[in-house]
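Asker: Have a look at this one.
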Amino acid sequence: MLPERLLNAVILLTLLAVPLAALALDEPFIITLATKVTILALAGVGLNLALGQGGLVSFGHAAYFGLGGYAMGILASHAQSFTPLMEVPFLIEGTKSMPVIWITAIIVSSLAALLIGALSLRTSGVYFIMVTLAFGQMFYYFAISWPAYGGEDGLSIYVRNGFPGLNTLVPIQFFGICFVLLCVVLFFVSRLNRSAFGLALDGAHQHSERALTVGININRVRLVAFVISGGITGLAGALFADLNRFVSPTMFSWHTSGEIMIFIILGGVARICGPIAGAAAYIILEHYLGDVSEYWQVYLGFILLFVVLFAKGGIVGALTGSRGKAHG
């Protein structure tokens with residue numbers, strides 16, 4: 001069995017090697033698939049912080065994914081139509097700059113997570129799940145009834161947003177941007193998990209009563225983790241919308257929340273690179289089993305049952321031979 005740190009390195013190197021090999025073989029579609037895996041894995045990393053480390057089963061993380069996507073879509077649409085986003089009390093224009101869009105997406109998603117988390121954390125268990133789901137569906141139906149930005153039909157962006165010094169329309173260059181962001185977020189989350197805050201969050205999850213007795217404010221720690229989780233997922237949403245050059249209300253759908261959770265379960269809950277392994281497995285299954293049958297999710301369901309019943313550590317846990325919680 002591989003040590004988990006070594007396996008994490010193998011997973012990241014494989015994710016990098018696949019599009020590079022596809023570039024050499026002139027297979028841009030494979031590069032796009034690898035980019036999709038990278039972005040969805042980033043969304044999984046965001047949810048995994050709340051779910052794996054904090055024990056917060058959020059079924060509404062699509063809200064932050066969608067907010068990140070709409071932050072990109074709204075800013076880019078105003079930039080491409082040369083119309084100001086807001087004129088009072090001062091002029092706010094749209095932008096095609098990726099860094100500005102990322103910052104906006106993170107801020108908007110984090111603020112939404114702060115509000116939703118402050119209300120949701122008043123509950124626990126199934127009630128917490130249902131409250132987060134309710135908020136996600138509220139955003140979904142609001143987006144459908146928002147005709148200014150496409151309503152149910154969504155919003156198209158004609159040209160991908162720009163990054164200084166790069167041509168983002170070249171698939172391998174856009175993949176490089178997404179891969180670097182994923183690595184930065186993975187490093188940040190890894191350091192966060194090992195920090196005093198991470199230990200406090202883990203303690204609040206594993207032994208809440210003991211955490212209270214040593215003076216840890218459990219709700220505050222969980223709320224901070226929830227906000228960081230929402231911000232990361234919002235960043236992934238902005239990248240996903242940029243990849244497709246399209247944003248629609250389906251990004252807010254509970255199906256999207258379910259898919260992000262599937263990445264974590266497949267790869268391994270609380271595993272640093274679990275979301276990458278899970279997202280890659282999901283996209284591979286979707287691509288190849290989708291050609292076999294349009295009901296390929298049935299096969300996915302059997303795989304999920306097997307993982308939940310016999311391989312609770314997911315792909316990473318199975319390959320490392322450990323089923324318990326990882327800290328690497």
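The values are calculated or read from the model by the stated rules, or taken from the named source; none is laboratory data. Computed from a predicted structure; not experimentally measured. All Cβ positions, even for glycine, are placed from backbone atoms using ideal geometry, and neighbour counts span all protein chains on display. Just the protein is used for accessible areas: all its heavy atoms, side chains included, with ligands, DNA and RNA removed. Shrake-Rupley method; radii C 1.70, N 1.55, O 1.52, S 1.80 Å.
Asker: Residues that are among the β-branched types (Val, Ile, Thr) and touching a helix residue (DSSP H, G or I) at 6+ places or on another chain (Cβ under 8 Å): list the helices (runs of 4 or more DSSP H) wholly contained in the stretch 24-125 that include at least 2 such residues.
Answerer: Here the list reads 28-48, 98-120.
Asker: Same structure again: Among the numbered conditions (1) over 14 Å from Phe263 (Cβ atoms); (2) in contact with a helix residue (DSSP H, G or I) (Cβ under 7 Å, 6 or more places away or on another chain); (3) open to solvent by less than 30 Å² (accessible area, probe 1.4 Å), tell me where Ala277 comes up short.
Answerer: Ala277 satisfies every listed condition except (1).
Asker: Right, Gly215: without any contact (Cβ under 8 Å) to a residue 12 or more places away in the chain and surrounded by fewer than 24 Cβ atoms within 10 Å (Cβ to Cβ) or not?
Answerer: Judged against the criteria, Gly215 is a match.
Asker: Quick one: would you say Asn219 is under 18 Å from Ile116 (Cα atoms), modelled with pLDDT under 95 and in a helix (DSSP H, G or I)?
Answerer: yes
Asker: Moving on. Here's a check for you: in the stretch 107-118, which residue that is crowded, with 23+ Cβ neighbours inside 10 Å and hydrophobic (A, V, I, L, M, F, W, C) is farthest from the chain's Cα centre (by Cα)?
Answerer: Per the stated criteria, the residue is Ile116.
Asker: Right, another one. Looking at the structure I just gave you, is Thr132 open to solvent by less than 40 Å² (accessible area, probe 1.4 Å), part of a loop (DSSP other than H, G, I, E, B) and modelled with pLDDT of 90 or more?
Answerer: So Thr132 fails the test.
Asker: Could you check, for the stretch 141-155, whether at least one of its residues is assigned to a loop (DSSP other than H, G, I, E, B), open to solvent by less than 60 Å² (accessible area, probe 1.4 Å), within 17 Å of Phe252 (Cβ to Cβ) and touching a residue at least 60 places away in the same chain (Cβ under 8 Å)?
Answerer: yes
Asker: Now, a different point. Residues that are on the phi < 0 side of the Ramachandran plot, more than 14 Å from the chain's Cα centre (by Cα), in a helix (DSSP H, G or I) and buried (at least 24 other Cβ atoms within 10 Å of the Cβ): does the stretch 250-259 have at least one?
Answerer: no
Asker: Going residue by residue through the stretch 159-175, is there one that turns out to be among the polar types (S, T, N, Q), assigned to a helix (DSSP H, G or I), without any contact (Cβ under 8 Å) to a residue 24 or more places away in the chain and open to solvent by 50 Å² or more (accessible area, probe 1.4 Å)?
Answerer: So far as the stretch 159-175 goes, yes, one or more of its residues are among the polar types (S, T, N, Q), assigned to a helix (DSSP H, G or I), without any contact (Cβ under 8 Å) to a residue 24 or more places away in the chain and open to solvent by 50 Å² or more (accessible area, probe 1.4 Å).
Asker: Scan the stretch 1-23 for residues that are among the hydrophobic types (A, V, I, L, M, F, W, C) and assigned to a loop (DSSP other than H, G, I, E, B) and jot them down.
Answerer: Met1, Leu2
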